[in-house]
Amino acid sequence: QSETTEVSMKKLLKVFNSLEEIIAGSLVGVMCITILCQMFSRIFLKKALLFSEEISRFCYIWVVFLCISLGEKKFEHFNVEVFLSFVKGVPNQLLRALTSLFCFGIHLYLLYWSVQFFDFQKVVKSAAMEIPMAVVAAGMVLGFFLGSVRCLVNAVNSVRKIGDMKGKEE
């Protein structure tokens, strides 16, 4: 029973670990195709597409907020690697854990306000396609939610490494 639960948890974590990359990569592809269609239409058909700028802008906004989470996943936000490279062992992991917890707090704060913004944007529609702007604001909510989860995971991993280091010393 516990082995099947562990296997299913590992599969779920594997999907979660690549979630941002899959969505962000797909959205970059949509942006590129949309912009190429706009270029083709303007150059060869002499007509501008009404929807292409809006779609590419919305995709870009989603990519930005998803990449916040990716930066947290790779521990590339809110730290100075040069400083951390001078600190080794337990102090390094302690600083990483504290930095991750601080970022976790920031992400939770921003998540709260992004949910408020999402609620406000439900009534606003985009100019060209009349899509509810809440679709765009949902990218903020998802990005800050995933970023907060990543920060918490980073903090837990740092604390575990501290425990492993202490266990090896004994």
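Things to note:
- Test: residue in the stretch 25-48 that is polar (S, T, N, Q), open to solvent by 60 Å² or more (accessible area, probe 1.4 Å) and over 24 Å from residue 158 (Cα atoms): yes
Let's see how each residue does on (1) in contact (Cβ under 8 Å) with a residue 24 or more places away in the chain; (2) within 22 Å of the chain's Cα centre (by Cα):
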{"position": "86", "(1), (2)": "no, no"}
{"position": "89", "(1), (2)": "yes, no"}
{"position": "94", "(1), (2)": "yes, no"}
{"position": "109", "(1), (2)": "no, yes"}
{"position": "118", "(1), (2)": "no, yes"}
{"position": "124", "(1), (2)": "no, no"}
{"position": "135", "(1), (2)": "yes, yes"}
{"position": "141", "(1), (2)": "yes, yes"}
{"position": "147", "(1), (2)": "yes, yes"}
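- Considering residues of the stretch 49-77 that are touching a Ser or Thr at 6+ places or on another chain (Cβ under 6 Å) and polar (S, T, N, Q) only, the residue nearest to residue 97 (Cα to Cα): 56
- Subset of the stretch 7-48 (residues that are out of contact with any Ser or Thr (no Cβ under 9 Å at 6 or more places or on another chain) and not in a helix (DSSP H, G or I)): 46
- Members of the stretch 1-56 found to be over 24 Å from residue 137 (Cα atoms), modelled with pLDDT of 90 or more and polar (S, T, N, Q), listed by number: 38, 41
The values are calculated or read from the model by the stated rules, or taken from the named source; none is laboratory data. Here the structure is a predicted model, which is why all the values come from computation and not from measurement. Positions of Cβ are generated from backbone atoms using ideal geometry, with glycine treated the same way; all protein chains shown enter the neighbour counts. The accessibility values were calculated without ligands, DNA or RNA, using every heavy atom of the protein model including side chains. Shrake-Rupley method; radii C 1.70, N 1.55, O 1.52, S 1.80 Å.
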